[in-house]
Amino acid sequence: MFSHACLPLLLPLLLLLPLSRAEEGLEFPNFDGKDRVLDVHARNYKKALRRYDMLCLFYHAPLPASKGLQKQFQMTELVLELTAQVLEDKDIGFGMVDAQKDAEVAWKLGLEEVGSLYVFKDDRVIEFDGELSADTLVEFLLDVLEDPVELISNAMELRAFERMEEDIRLIGFFKGEDSHYKSFQEASERFQPYIKFFATFDKAVAKRLSLKMNEVNFYEPFMEEPAILPGRPLSETDIVDFVQQHRRATLRKLRAENMFETWEDDMDGIHIVAFAEEEDPDGYEFLEILKDVARDNTNNPELSIVWIDPDDFPLLTTYWEKTFRLDLFRPQIGVVNVTDADSVWLDMSNDEDLPTAEELEDWIEDVLSGKVNTEDDDDAAASRGRAGGHAASEEGGYDDDDDDARGGYDRGGEEGDGDD
Ligand SMILES: *[C@@H]1O[C@H](CO)[C@@H](O)[C@H](O)[C@H]1NC(C)=O
């Protein structure tokens, strides 16, 4: 399905190959030119569903007329082709579903969001609403291939579990495979791979976690103590309902694998966004303060802070700096209006002086009460641009194409602008 128009993109990579073959052991895959991604339509989709362990369908808008947009489209196809190539041995099928030509298939399969990728595994459909790059997609699909529940049976595995503070995790203690574990397992399938489920059949492990038989604990990211799910034993529905009610964490890390889903889950039109590089001393300190604030406010259902580590999104860093008029070499916290990307940021320009947890809490309170908002300063926007200095950009630069971005092709990791 992959047209020759993309060849010029690949040529530079190919030309480098003969020069760099001194040693083996580090070889990035290049697209080998073999078509693996199916054009899925009414006559072949059922067969495709039957044929593979897992079927991965990209639901896309019709091929655009403009050349630039066509190139973006081809880059998206290339991401899928490369993913299919890398995962060739895994019995995963890949296909494209055209929202216009294949509307009937889309309807039958329940595909709704144009620009999303749907994974069909057993009787389930898992939506991938993340960055469409081959790295992210491969990682995601490998996670989906695994068992949805990971068993913990010794102290070493327990330590690894305890270190996963960025993830939403559940852990349950059961007698064995043939027990109330079954409902836990069924529940886990509903959230795979976004929410991690662990179980133990081992008394010593359960004791270390103070888990009683058939009890399930829920760990919110960055919290020290878990919440105990009420009731024992729990049905699948009990567990699913609890997770759905609690999955929006007080502090959550933006991740490539579900970044669009996180961004869509705003707080009445805004996000509180914190930028902090964990590897950077200031960023690390700031993050520790944020965690304290989150722990103090974990029972506030209004509050959810999105933490972005710019290191995880190198392709977006300059875009964010321009859109928000920020210096992302420093930690930052602010409010972003998700409709127009208008934003205000807490003044932390003095390097020596990160805010204390109390100051940060006061500021967050002001945000939640509306005292700090993105609207009040709108007249002063021009002067702020001047004062902010480095990134004078045309207004917003986000909402003009936001709708297209949600619906279309430029969600690829390659950040193609489409016109050249
Ligand atoms: C966000 O921006 C839109 C458009 O400028 C505006 O109508 C809306 O009131 C803003 N929302 C908040 C919560 O400030």
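Those strands (runs of 3 or more DSSP E) of segment 40-145 in which 1 or more residues are small (Gly, Ala, Ser) occupy 92-98.
When Ala187, Ala249 are checked against the criterion of being within 11 Å of Leu170 (Cα to Cα), buried (at least 16 other Cβ atoms within 10 Å of the Cβ) and either at pLDDT 95 or above or in the same structural domain as Phe140 (by TED's automatic domain parsing) (or both), Ala187 stands alone in meeting it. Mind listing just one residue for me: the one in segment 67-104 that is in contact with an Asp or Glu (Cβ under 8 Å, 6 or more places away or on another chain) and polar (S, T, N, Q) and, of those, farthest from Glu139 (Cα to Cα)? The selected residue is Gln72. Counting the residues of segment 203-222 that are buried (at least 19 other Cβ atoms within 10 Å of the Cβ) and charged (D, E, K, R) gives 2.
For segment 301-335, a tally of residues being within 16 Å of the ligand (Cβ to nearest atom), in a loop (DSSP other than H, G, I, E, B) and in contact (Cβ under 8 Å) with a residue 60 or more places away in the chain returns 2.
Note on segment 263-286: residues that are more than 14 Å from the ligand (Cβ to nearest atom), in a loop (DSSP other than H, G, I, E, B) and of a type outside the set (A, V, I, L, M) total 5. The sole residue among Val86, Val37, Val97, Val105 that is free of Cβ contacts under 8 Å to residues at least 60 places away in the same chain, among the aliphatic types (A, V, I, L, M) and in contact with a His (Cβ under 8 Å, 6 or more places away or on another chain) is Val97. Scanning segment 102-141 for residues that are within 20 Å of Glu264 (Cα to Cα) and of a type in the set (Asp, Glu) yields a total of 5.
Do the conditions hold for Thr200, that is, is it crowded, with 16+ Cβ neighbours inside 10 Å and β-branched (Val, Ile, Thr)? In short, yes. Scanning segment 336-364 for residues that are within 16 Å of the ligand (Cβ to nearest atom) and either touching an Asp or Glu at 6+ places or on another chain (Cβ under 9 Å) or assigned to a helix (DSSP H, G or I) (or both) gives Val336, Asn337, Val338, Thr339, Asp340, Ala341, Asp342, Val344, Ile364.
The values are calculated or read from the model by the stated rules, or taken from the named source; none is laboratory data. Since we're looking at a predicted model, the values are computed, not measured. No Cβ is skipped: glycine too gets one built from the backbone with ideal geometry, and neighbour counts run over all protein chains shown.
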